[in-house]
1. In the range 104-136, what residues are buried (at least 23 other Cβ atoms within 10 Å of the Cβ) and assigned to a loop (DSSP other than H, G, I, E, B)?
2. With the requirement that a residue be under 21 Å from the mean Cα position of the chain (by Cα) and part of a loop (DSSP other than H, G, I, E, B), what does the range 472-488 give you?
3. Against the condition at pLDDT below 90 and either outside any loop (DSSP other than H, G, I, E, B) or crowded, with 18+ Cβ neighbours inside 10 Å (or both), how does residue 333 come out, does it pass?
4. Could you count how many residues in the range 24-52 are in contact with a helix residue (DSSP H, G or I) (Cβ under 6 Å, 6 or more places away or on another chain) and within 17 Å of residue 248 (Cα to Cα)?
5. Considering only residues that are in a strand (DSSP E or B) and either out of contact with any helix residue (DSSP H, G or I) (no Cβ under 7 Å at 6 or more places or on another chain) or at pLDDT below 85 (or both), look in the range 336-353 and name the one that is farthest from residue 50 (Cα to Cα).
6. For the range 379-403, give me the residue count where each residue is closer than 22 Å to residue 463 by Cβ and either crowded, with 19+ Cβ neighbours inside 10 Å or in contact (Cβ under 8 Å) with a residue 12 or more places away in the chain (or both).
7. Any chance the range 420-440 includes a residue that's assigned to a strand (DSSP E or B), exposed (fewer than 11 other Cβ atoms within 10 Å of the Cβ) and more than 30 Å from the chain's Cα centre (by Cα)?
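The values are calculated or read from the model by the stated rules, or taken from the named source; none is laboratory data. Note that this is a predicted model, so its numbers are computed, not measured. Cβ placement follows ideal geometry from the backbone for every residue including glycine, while neighbour counts extend to all protein chains displayed.
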């Protein structure tokens, strides 16, 4: 050995050998797509993988150690975690990104396949999983107890290659629709990335911009994948999807309050008279809105996140070729077609894309139609009510769906009143609630005829709670988790649609009665 070799080189030798034996991969990309109505879709995707053998030996490089040790301790084979805020506007924005597979209901949604010889053993490990994730992501996941946990049979399939063909595994699903998603949840997600949000496309994820979006969802998916040769990897995919209002996002942070437009900058419709010298009827702005990455997110993309030799950082701009795009010199345009442009990020330089105001021939392209679903509570009074769900199929062919509802134990549905108008029930799974032990689970398999609408209705009864079971804001009501709709596809890539959450009003007692009675008795 040469005498000039230092001790640090010897210490780095085992890590180099491990990196050579275990091939780790990391990639990230950003998808930008202007939407009708002056909105912009921004989809961030971060993918890392590690060989399953290295994971079992706790050799972590790109895969986050903090999450990996939790999965090992709780014997979790596959994990899916969602944080969502807002509502996707299907009528204006079209079909959902990623077929709704990386989208959750309002609040927090979690489902996982957990190993266990018995159901009680799996439930115990599930409790450890939600409590550990609660501390890791600064969320109230520890409130997902047995009353908020169900075991769906038809709505979810594993995305990865589970060992033993899924035998001995239990699917657990829980939702917290009242959870408020905020910056405290975004920061732990950024810390799981190799560059911690300091470089690459993750440098745009600023809490002020993310939570100013009209709609946003954050997803974490961990799944095992095996190839034909039997080599298995553990893959983690982190996704952040946003829909930003372009005009509102470009307001300066030091002066975010909207101000009246000066008189000389007003765009007036001169065909309509208005009896004022400083006001008029506004004229609809024509063409595409001017925007840039640095003005919307407050900064350009800070170089490339390349922690390994095979790491890739890319940006996809989904605009037609007729749209003018000005890129900085550090961004290299790799490919371009009629609908998208592809840029690969470089190390040591920023990337900014600017799109000037422009009128395009043909205007805004028509958005692809999507399955539409809505749900609301009907009836009046404090004792009973009803549920009414509407699902519309705009396609010229039939759609097969699985409709899933997870209801709290204090909402007791009358199953003899269940009615589906416009379609017949092919299969149904129903698990009744047990007071203060578990909620109601309802799964329906339906086929919606082409170009038609179906309705799902049933009546329910509201249970009487103990006064200690009410939250501090008892008069606000209780949140009901969104319904999950799985839309089957012939190619095997099923899509998902979730309704909005509901607010259930429960009879509220006079909380001052107990204190008043004690006071009067004392006097």
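1. Across the range 104-136, the qualifying residues are 104, 106.
2. 481, 482, 483, 488
3. Taking the combined requirement at face value, the residue satisfies it.
4. Of the residues in that region, 5 qualify.
5. Our first condition is that a residue be in a strand (DSSP E or B); within the range 336-353, this holds for 336, 341-344, 350-351, 353.
With the extra rule that they be either out of contact with any helix residue (DSSP H, G or I) (no Cβ under 7 Å at 6 or more places or on another chain) or at pLDDT below 85 (or both), the set shrinks to 336, 341-344, 350-351.
Numbers: 336: 32, 341: 30, 342: 27, 343: 26, 344: 23, 350: 29, 351: 29 Å.
Filtering the range 336-353 for residues that are in a strand (DSSP E or B) and either out of contact with any helix residue (DSSP H, G or I) (no Cβ under 7 Å at 6 or more places or on another chain) or at pLDDT below 85 (or both), the one farthest from residue 50 (Cα to Cα) comes out as 336.
6. 9
7. Yes, there is a match, as at least one residue in the range 420-440 is assigned to a strand (DSSP E or B), exposed (fewer than 11 other Cβ atoms within 10 Å of the Cβ) and more than 30 Å from the chain's Cα centre (by Cα).
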